[in-house]
Each structure stands twice: as structure tokens, then as C-alpha cells.
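Participant: Quick one: the structure is below, questions incoming.
The values are calculated or read from the model by the stated rules, or taken from the named source; none is laboratory data. Remember, it's a predicted structure, so these values are computed and weren't measured experimentally. Cβ placement follows ideal geometry from the backbone for every residue including glycine, while neighbour counts extend to all protein chains displayed. With ligands, DNA and RNA removed, areas are computed over all heavy atoms of the protein, side chains included. Shrake-Rupley method; radii C 1.70, N 1.55, O 1.52, S 1.80 Å.
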Amino acid sequence: MSKQNEAAKELTIWEKSDPQILEAFCADYRTFISENKTERECVAGMTKVLKEQGAKDLNDLAADGGTLQPGDLVYADMMKKALLIFRIGEKPVTEGMRFLGAHIDSPRMDLKQNPLYENTDLALFETHYYGGIKKYQWVTLPLALHGVIAKKNGEVVNVCIGEDPADPVFGVSDLLIHLAAKQMGKKVSEAVTGENLNVLVGSRPLPDTKEKEAVKANILALLAEKYGIEEADFVSAEIEVVPAGPARDYGLDRSMIMGYGQDDRVCAYPSFRAILDETAPLYTSVCLLTDKEEIGSVGATGMQSRFYENTVAELMNVLGCYSELNLRRTLSRTKVLSSDVSAAFDPNYPDVMEKNNAAYFGRGPVFNKYTGSRGKSGSNDANAEYIAWLRACMDDADIRYQTSELGKVDEGGGGTIAYILANLGMEVIDFGVAVLNMHAPWEITSKADIYETYLAYRAFLIRQ
Ligand code: MN
Ligand code: MN
């Protein structure tokens, strides 16, 4: 190692990158997560960028008999909620691919199918929470409505209310402290229940009506006027209730970002940028953006869906090398970074962490060899040989990284999509950004970690 390289190793993660480039990347990220809060919005936002970059839709290619060259970008979406992006490599795809796999769904509240009701001259929406939330965190916050309403005539209406500063916002009320003696004596998990999470949306009665529920009638009249929908259309809607407002710089030194749904868009965005910016990979690069991770990776758009394998098969067909055996070989020769978040060490709650195996802000992306709970139950336990390969990859590219576990042994646990990809015989490890307040309405990340993670993903994609 040269003297210069040795000196470079002394630099902190904040010093080793150009601060202007780091800030510019994080500003782009902040804008992205402010404008794309749901899986559908992420797929639409990313597809727009892909089209601008000349990417081809795999379904069109398959239909037209088109071809692909090394360097080409091609993508396929699943039900507008999951996305698979490929950058064709120099080598035949059958030699394996480099996968970055992140998820674009986040914990939230979904409107129920019959959401709207009136009670004591107030109109409210019933919700059903999605993913693991601490329910008490979701009351008395400004909330926004994002989603789609699919009508019987085939029209799909986009809804986004609460983000424009001129928009109204919504919220879930909480009991005033003066009358909360009983509530305050309850366990935190029971103080606010799932059925308490009703979103207040109106209090003004429809004028000149004999309807008994005039406030509800007024809300329906407004929805009919603005979106051309009727009450029954909620049955075929997917409306997500999320924190209102943009992501912000956090801290006097602006070293952090506070934003909704950084689990896992803080890994999804650097993964996406990495595949856009590494334009001539040796191995075919893949950026996988999946849905339903927060509820077990289930359903047609979740990681367990055959969509992902089917799409690789379609790609191989376009490349002229599809056979069932070739598909299996390609998958099993593929290396994966499951780009998902880790828990950052919180000085307010040090007791749940074991300090030698915890993740810290400003120390770079985090490897989790295994997740799961109890005796590593439900975990993908990455191979030592693969981790050694990754250490060499990161060290050669001067990437700072750390390793951690999700808390102390037997303290709790969690999982990612890693084990599902590992089921295909791939080398897989979790590798992503450390997050404070994970799954809270507003999550915190370190800008230096975000940028370093992006550099790490690029290094991985081009490693020989
Ligand atoms: Mn996650
Ligand atoms: Mn999560």
C-alpha cells in the first residue's frame, strides 16, 4: 500500500468524499423520498427516470423480438408496485449476475375497504395498519393520503392529498392528558389500539340537505367533485396514510436526514443510483425493488412471488440463452447484496445493543451476516467465503463499512428478503444503512452513511 493510500485510510468517512458531492447526492435522495412515499410512487418515479435514460421495457422487447447489448438498461414492473431493473454486462448472463435487492414498501396505515363513517358530526376513515408500528407514535401527527382508486370502468384515479403546503392534512386524535389517567396506566402496546387509528377528515355538514349524516355526505360530495368517485369505489382502492410533508435535514450540523419510510428507501435509492451510474458492468447488474417486505414478502409483488424468476427467464429469452437449466445456473451463480437497513445505536437506549456488534452513525454501510431471532431463527446466515470476497471488494475500493447484529441476543429480532434469494442458491448478505427510530413516522439516517452506501453498491456491481 502506498503512503498516499495509507494517509487516505486515516480520513473519516466525512473527510474521504468531496463534501459537495456527498451533499448533492443526499439532496437528491431527500427530494426522492419526499416525492415518492409509497411503493407505487417509487415505481412510477423510477420508471420515469429509466425512460429518460433510454431504458427499455422488457415486455415490449419480448413482444417485438428486440435485442439487447452490453450496457443497455431494461426493466419490468409488477402490478406497478415492484420493479426489476437490469444493466446488461459484458459477460454472458449465465455466468451470474450482481443483485442489489431493496424494498419500497414502508410501515403505514391503509384505509379499510369501507372506510368512511360519521360519528357525532365528525367524519372519519377507518384504517388497518401495515407492517410493524408502535401505534402510539401515529397519533397527533399531520398525515397525508396517497394511493389509487380503481373504478369499475377501468379508470384508475391517483390520490395525493396533504403534501402541497396549500393542501389540508389529516390526523388521528389522542386523549387529552387531563382525562388520560386510565390510558396512562396501560401498557404502551395497549394505550393506543389498532381500532383507535381512525383518521379525522371532516366536520362541516353538507348545506341544504335532509341527510342524517350530513358531514359524511359533504365528504362524499367533495370526493365526487374532485375525483369523480362514489362511496362504493373505496372497495377497489388502495389509499395509504403516511406522515405529511417533506424529508428534512436533521441536526445543527445538518449531518442527518429525517424522513418517512427510510426503511428501506435509504437503500433502494442508492441501489437505483448505483445501477444507473455504473454504465459498463462486467456482470449483468440487477436492481430489485420489491413490495410487501414489511408484511412477510408475500403476494404477487412480494419477494416470494415468482415474478422475479419469471422476469429473469424473460430476459434470458431475449438474450437468446434461455433454458430451464441455464436459468437455474444463472440464479445460483448470482451474488446478492440484500440492501436493507440496520438498527443504529441509540444512546437513549443502549441496553438493547451489544456494543461490539452494533451499528453506529458515520461508520458506513452495515453488514448483517444474519438477522432472525432467538437462535438465528428465520435468518439467512451468509457464507464466510462470500463475506471475505466482499471485504476485499470494499477494501480495494476504500469503502468504510461496519458489521452488526440487530440488538442483543434474545432481545428481539427481524428479517429481510435475504433468505428468499438465498433459497435460489445465491450468495446473499444484508448490507445497508443504519437507521434511528426505525419504523417510526420519521426515521433518521446519517448523510455520510447514505453516500458511502451508494459508493459501496457501485463497487460491488463492478467487482470482478
Ligand atoms: Mn427493511
Ligand atoms: Mn422494516
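Participant: Determine whether the stretch 260-274 contains at least one residue that is surrounded by fewer than 23 Cβ atoms within 10 Å (Cβ to Cβ) and more than 16 Å from ligand 2 (Cβ to nearest atom).
Facilitator: Yes.
Participant: Let me ask you something else. For the stretch 48-73, which positions are under 19 Å from Pro281 (Cβ atoms) and among the charged types (D, E, K, R)?
Facilitator: Lys56, Asp72
Participant: Sticking with this one: List the pairs whose first member sits in the stretch 289-303 and is within 12 Å of ligand 2 (Cβ to nearest atom) and aliphatic (A, V, I, L, M), whose second member is open to solvent by 10 Å² or more (accessible area, probe 1.4 Å) and not in a loop (DSSP other than H, G, I, E, B), and whose Cβ atoms are under 8 Å apart, counting only residues at least 6 apart or on separate chains?
Facilitator: These pairs meet every condition: Ile295/Tyr130.
Participant: Please work out which residue is farthest from ligand 2 (Cβ to nearest atom), limiting yourself to the stretch 416-428 and to residues that are part of a loop (DSSP other than H, G, I, E, B) and touching a helix residue (DSSP H, G or I) at 6+ places or on another chain (Cβ under 9 Å). First the steps, then the outcome.
Facilitator: We begin by selecting, within the stretch 416-428, every residue part of a loop (DSSP other than H, G, I, E, B); these are 416-417, 423-426.
Filter again for touching a helix residue (DSSP H, G or I) at 6+ places or on another chain (Cβ under 9 Å), leaving 416-417, 424-426.
On the way: Thr416: 8, Ile417: 11, Leu424: 22, Gly425: 26, Met426: 21 Å.
This residue is Gly425.
Participant: Taking the stretch 389-406, which residues are open to solvent by 50 Å² or more (accessible area, probe 1.4 Å) and part of a helix (DSSP H, G or I)?
Facilitator: Matches in the stretch 389-406: Trp389, Arg391, Asp395, Asp396.
Participant: While we're looking at this one, here's another question. Evaluate the stretch 173-190: report whether one residue or more is closer than 30 Å to Val235 by Cα and among the β-branched types (Val, Ile, Thr). Spell out the reasoning first.
Facilitator: From the stretch 173-190, those closer than 30 Å to Val235 by Cα are 173-174, 189-190; that's our starting set.
From what's left, among the β-branched types (Val, Ile, Thr): none.
No: the stretch 173-190 contains no residue that is closer than 30 Å to Val235 by Cα and among the β-branched types (Val, Ile, Thr).
Participant: Of the residues Tyr308, Tyr227, which is in contact with a Ser or Thr (Cβ under 8 Å, 6 or more places away or on another chain) and more than 16 Å from ligand 1 (Cβ to nearest atom)?
Facilitator: Details: Tyr227 fails: in contact with a Ser or Thr (Cβ under 8 Å, 6 or more places away or on another chain).
One residue alone meets the criteria, Tyr308.
Participant: If only one of Arg306, Arg265 is charged (D, E, K, R), out of contact with any Gly (no Cβ under 9 Å at 6 or more places or on another chain) and within 24 Å of Gly415 (Cα to Cα), which one is it?
Facilitator: Values: Arg265 fails: out of contact with any Gly (no Cβ under 9 Å at 6 or more places or on another chain).
Answer to the check: Arg306.
Conditions tested, residue by residue: (1) of a type in the set (A, V, I, L, M, F, W, C); (2) surrounded by fewer than 22 Cβ atoms within 10 Å (Cβ to Cβ).
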residue	(1), (2)
Met97	yes, no
Gly101	no, no
Ile104	yes, no
Arg108	no, no
Gln113	no, yes
Leu122	yes, yes
Glu126	no, yes
Lys134	no, yes
Trp138	yes, no
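Participant: Pick out the one residue from Val286, Val341 that is closer than 30 Å to Asn437 by Cα and touching a Gly at 6+ places or on another chain (Cβ under 6 Å). I'd like the intermediate steps shown before the answer.
Facilitator: Values: Val286 fails: touching a Gly at 6+ places or on another chain (Cβ under 6 Å).
Answer to the selection: Val341.
Participant: Against the definition (closer than 30 Å to Ala123 by Cβ, open to solvent by 10 Å² or more (accessible area, probe 1.4 Å) and charged (D, E, K, R)), how does Glu293 come out, yes or no?
Facilitator: Details: closer than 30 Å to Ala123 by Cβ: no; open to solvent by 10 Å² or more (accessible area, probe 1.4 Å): yes; charged (D, E, K, R): yes.
Considered against the rule, which asks whether it is closer than 30 Å to Ala123 by Cβ, open to solvent by 10 Å² or more (accessible area, probe 1.4 Å) and charged (D, E, K, R), Glu293 comes out as no.
Participant: Something else: Name the single residue, out of those in the stretch 242-259 being touching a helix residue (DSSP H, G or I) at 6+ places or on another chain (Cβ under 7 Å) and away from ligand 2 (no atom under 16 Å from the Cβ), that is farthest from Thr445 (Cα to Cα).
Facilitator: We begin by selecting, within the stretch 242-259, every residue touching a helix residue (DSSP H, G or I) at 6+ places or on another chain (Cβ under 7 Å); these are 246-247, 255-257, 259.
Imposing the further condition that a residue be away from ligand 2 (no atom under 16 Å from the Cβ) reduces the set to 246-247, 255-257.
Working: Pro246: 15, Ala247: 11, Ser255: 9, Met256: 5, Ile257: 5 Å.
Across the stretch 242-259, the extreme among qualifying residues is Pro246.
Participant: Name every residue in the stretch 166-195 that is assigned to a helix (DSSP H, G or I) and open to solvent by 80 Å² or more (accessible area, probe 1.4 Å), in order of residue number. Talk me through it step by step, then tell me what you get.
Facilitator: Let us first name the residues in the stretch 166-195 that are assigned to a helix (DSSP H, G or I), namely 177-179, 181-184, 188-191, 194-195.
Residues satisfying the conditions are Ile177, His178, Leu179, Ala181, Lys182, Met184, Val188, Glu190, Glu195.
Participant: Only one of (1) among the basic types (Lys, Arg); (2) touching a Phe, Trp or Tyr at 6+ places or on another chain (Cβ under 9 Å); (3) more than 22 Å from Ile257 (Cα to Cα); (4) crowded, with 20+ Cβ neighbours inside 10 Å is not met by Lys91, so which one is it?
Facilitator: Condition (4) is where Lys91 drops out.
Participant: Let me ask something else about it. Ser379 - would you say it is out of contact with any Gly (no Cβ under 7 Å at 6 or more places or on another chain) and either open to solvent by 20 Å² or more (accessible area, probe 1.4 Å) or not assigned by TED's automatic domain parsing to the domain that holds Leu100 (or both)? Don't jump to the end; show me each part of the working.
Facilitator: On the way: out of contact with any Gly (no Cβ under 7 Å at 6 or more places or on another chain): no; either open to solvent by 20 Å² or more (accessible area, probe 1.4 Å) or not assigned by TED's automatic domain parsing to the domain that holds Leu100 (or both): yes.
Here the answer is no, as Ser379 does not meet what is asked.
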